[in-house]
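The block underneath contains the structure these notes are about, expressed in structure tokens.
The values are calculated or read from the model by the stated rules, or taken from the named source; none is laboratory data. This is a predicted model, so every value here is computed, not measured. FYI the Cβ positions are ideal-geometry reconstructions off the backbone, even for glycines, and counts take in every protein chain you see.
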Amino acid sequence: MSDGRAVLVGYDDSPASRHALTWAVEEARLRNRPLLVCHALHWPYALRPVSDEVMAQIEQVARGVVEDGARRARELAPELDVRPLVKPGTPAAVLLESAHEAEITVLGSRGQGGFEGLPVGSAAVQVPAHCSRPVVVIPSQFEAQSGQDARIVVGLDGSPAALAAVEFALDEAALRLGSVTVLCCWSDCGSASWPEPLPFVDSRALRAGAEARFHQVTAHLARRRPDVPVAARFVTERPQRALLDATKDAALLVLGNRGNDSPPCLLLGQVTQSALLHAWCPVAVTPATVMRPRIPPD
């Protein structure tokens with residue numbers, strides 16, 4: 001813990017943020033890191049037609065919320081170094097600013113704002129899209145089960161962010177004495193069912209080469225954590241469906257922020273966005289800047 005980085009969690013007393021707090025407490029305990037409980041003091045209007053006294057009362061309420069979060073964290077783990085933090089700004093802006101000095105950022109899929117039925121709030125999309133450190137988003141309906149098998153699923157498509165995702169998944173599994181399932185979803189671009197099939201393509205040979213390369217890269221990355229059981233799965237399915245099916249009994253899904261097929265205009269890939277909306281378990285999003293894992297040459 002020489003660098004002093006904390007586990008950062010966003011808290012606003014919403015159901016999702018309470019689940020996020022519980023998850024972050026366990027993460028901080030496992031990593032032997034301080035826990036920073038963060039709340040954004042945000043006035044949602046361009047003008048401030050209120051007195052300084054009213055604003056002081058609003059700030060007092062905000063500090064009460066974050067102190068409540070810190071109290072809950074200390075009750076869950078009395079030995080943990082818990083630090084409350086209130087900052088002015090929108091939730092996404094405050095978390096992104098604070099995340100620069102954090103080991104990992106944890107937040108709920110939606111906070112107190114938004115409308116009824118909204119599955120994912122703006123901060124749960126903006127923070128993973130812009131953060132330079134790993135971000136874990138906890139679904140509103142998620143509740144960790146005691147004795148749950150700590151199986152972690154990670155998507156690998158060979159992109160830099162996905163390679164970083166595998167490294168993160170291995171570290172998380174080592175912390176939790178769990179296992180990792182590495183999943184690659186193959187699209188047969190030479191088949192007639194492909195929207196624009198490539199001419200003169202040997203689909204079977206193409207798939208065999210891709211599958212062999214996938215297993216080679218997975219085995220290479222897994223050598224850094226020989227204590228973690230790793231299963232590699234190469235499937236011909238749409239990634240959104242395959243990943244969701246694989247996570248129904250998983251403790252965590254890990255994805256890079258952008259895959260190989262993500263258009264340059266997207267800060268967050270379509271597969272990752274879909275996982276944030278529909279995953280059964282917490283979703284960790286890693287940017288390519290977190291780690292630079294080396295892979296064997298072709």
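Would you say Leu8 is among the aliphatic types (A, V, I, L, M), under 19 Å from Ala123 (Cβ atoms) and either part of a strand (DSSP E or B) or touching a Ser or Thr at 6+ places or on another chain (Cβ under 7 Å) (or both)? Here the answer is yes, as Leu8 does meet what is asked. Within segment 20-33, residues that are touching a residue at least 40 places away in the same chain (Cβ under 8 Å) have Cβ atoms under 8 Å from residues that are among the aromatic types (Phe, Trp, Tyr) and buried (at least 24 other Cβ atoms within 10 Å of the Cβ) in these pairs: Ala20/Tyr11; Leu21/Tyr11, counting only partners at least 6 apart in sequence or on another chain. Applying the criterion of being out of contact with any strand residue (DSSP E or B) (no Cβ under 7 Å at 6 or more places or on another chain) and crowded, with 19+ Cβ neighbours inside 10 Å to the residues of segment 76-106, the residue that is nearest to Ala28 (Cα to Cα) is Leu96. Scanning segment 75-94 finds one or more residues that are in contact with a helix residue (DSSP H, G or I) (Cβ under 6 Å, 6 or more places away or on another chain) and of a type in the set (Val, Ile, Thr).
Taken over segment 264-284, residues that are at pLDDT below 80 and under 15 Å from Asp157 (Cβ atoms) amount to 1. Pull out all pairs, ordered by first then second residue, where Cβ-Cβ is under 9 Å, the residues are six or more apart or on different chains, the first lies in segment 232-257 and is outside the structural domain of Arg207 (by TED's automatic domain parsing) and closer than 12 Å to Asp157 by Cα, and the second is part of a strand (DSSP E or B) and of a type in the set (A, V, I, L, M, F, W, C). The qualifying pairs do not exist here.
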